[in-house]
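> Dropping a structure here in structure tokens format, bear with me for questions.
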């Protein structure tokens with residue numbers, strides 16, 4: 001087996017390992033450089049097939065590096081600006097149903113759980129079944145505002 005075949009297989013293995021492991025691109029760069037190196041070794045080997053295998057491996061390595069650069073940048077941009085929201089913080093902005101009257105405190109049902117809720121300052125009372133929007137989470141209490149009710153459709157029209 002020729003040396004360039006072993007180097008190329010090692011490069012491909014490193015590229016595949018990059019897909020499966022969180023290495024931050026180290027294995028991708030090494031794998032792509034391995035493909036370029038295998039292409040150079042193939043060109044210098046003087047075998048019958050080296051005239052097309054060498055340039056092919058070099059092209060594949062360069063394309064791998066370019067692809068990793070552009071795709072890696074987009075992945076980092078997508079994850080960099082998004083704040084991590086878990087637990088009660090992800091309830092902010094969600095809609096809930098009032099299970100008891102909120103005047104100004106009561107209980108709401110949101111995402112399969114019953115929460116203590118308090119109306120935001122200056123808001124009128126909320127009846128049972130009304131929709132509210134979560135504005136903040138303070139400890140185990142949700143601060144909510146009433147959601148405007150949709151206009152009732154006229155019956156018998158049509």
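The values are calculated or read from the model by the stated rules, or taken from the named source; none is laboratory data. Since the model is a prediction, treat every value here as computed from it, not as a measurement. Quick reminder, even Gly has a Cβ in these numbers, built from the backbone with ideal geometry, and neighbours come from all protein chains shown.
> I need the full set of residues from region 34-50 which are crowded, with 17+ Cβ neighbours inside 10 Å and closer than 14 Å to residue 61 by Cα, in order please.
34, 35, 36, 37, 38, 39, 41, 42
> Of the numbered conditions (1) closer than 16 Å to residue 134 by Cβ; (2) under 28 Å from the mean Cα position of the chain (by Cα); (3) in contact (Cβ under 8 Å) with a residue 12 or more places away in the chain, residue 119 fails exactly one; give the number of that condition.
(2)
> Of all residues in region 116-134, which are outside any loop (DSSP other than H, G, I, E, B) and farther than 13 Å from residue 106 by Cβ? Before you say what the answer is, go through the steps one by one.
Start the filter on region 116-134 by keeping residues that are outside any loop (DSSP other than H, G, I, E, B), which leaves 116-119, 126, 131-134.
Residues satisfying the conditions are 131, 133, 134.
> Shifting gears a bit: Is region 56-79 home to any residue that is loosely packed, with under 12 Cβ neighbours inside 10 Å and not in a helix (DSSP H, G or I)?
No: region 56-79 contains no residue that is loosely packed, with under 12 Cβ neighbours inside 10 Å and not in a helix (DSSP H, G or I).
> Another one. Anything in region 71-107 that is modelled with pLDDT of 90 or more and either assigned by TED's automatic domain parsing to the domain that holds residue 13 or closer than 30 Å to residue 13 by Cα (or both)? List them, or say none.
none
> Go through region 80-93 and give me each residue that's surrounded by 16 or more Cβ atoms within 10 Å (Cβ to Cβ) and at positive phi.
Once the filter is applied, which keeps residues that are surrounded by 16 or more Cβ atoms within 10 Å (Cβ to Cβ) and at positive phi, region 80-93 yields nothing.
> To continue, here is another question. Filter region 1-28 for residues that are surrounded by 19 or more Cβ atoms within 10 Å (Cβ to Cβ) and either touching a residue at least 60 places away in the same chain (Cβ under 8 Å) or over 23 Å from the mean Cα position of the chain (by Cα) (or both) and give the result.
Listed by number, the residues that qualify are 4, 7, 8, 11, 14.
> Can you name the condition, by its number, that residue 111 falls short on among (1) out of contact with any helix residue (DSSP H, G or I) (no Cβ under 6 Å at 6 or more places or on another chain); (2) at pLDDT 90 or above?
(2)
> Any residue in region 50-64 that is in the same structural domain as residue 9 (by TED's automatic domain parsing) and in contact (Cβ under 8 Å) with a residue 24 or more places away in the chain sitting within a Cβ distance under 9 Å of a residue that is loosely packed, with under 14 Cβ neighbours inside 10 Å and not in a helix (DSSP H, G or I)? List the pairs, counting only those 6 or more apart or interchain.
53/47
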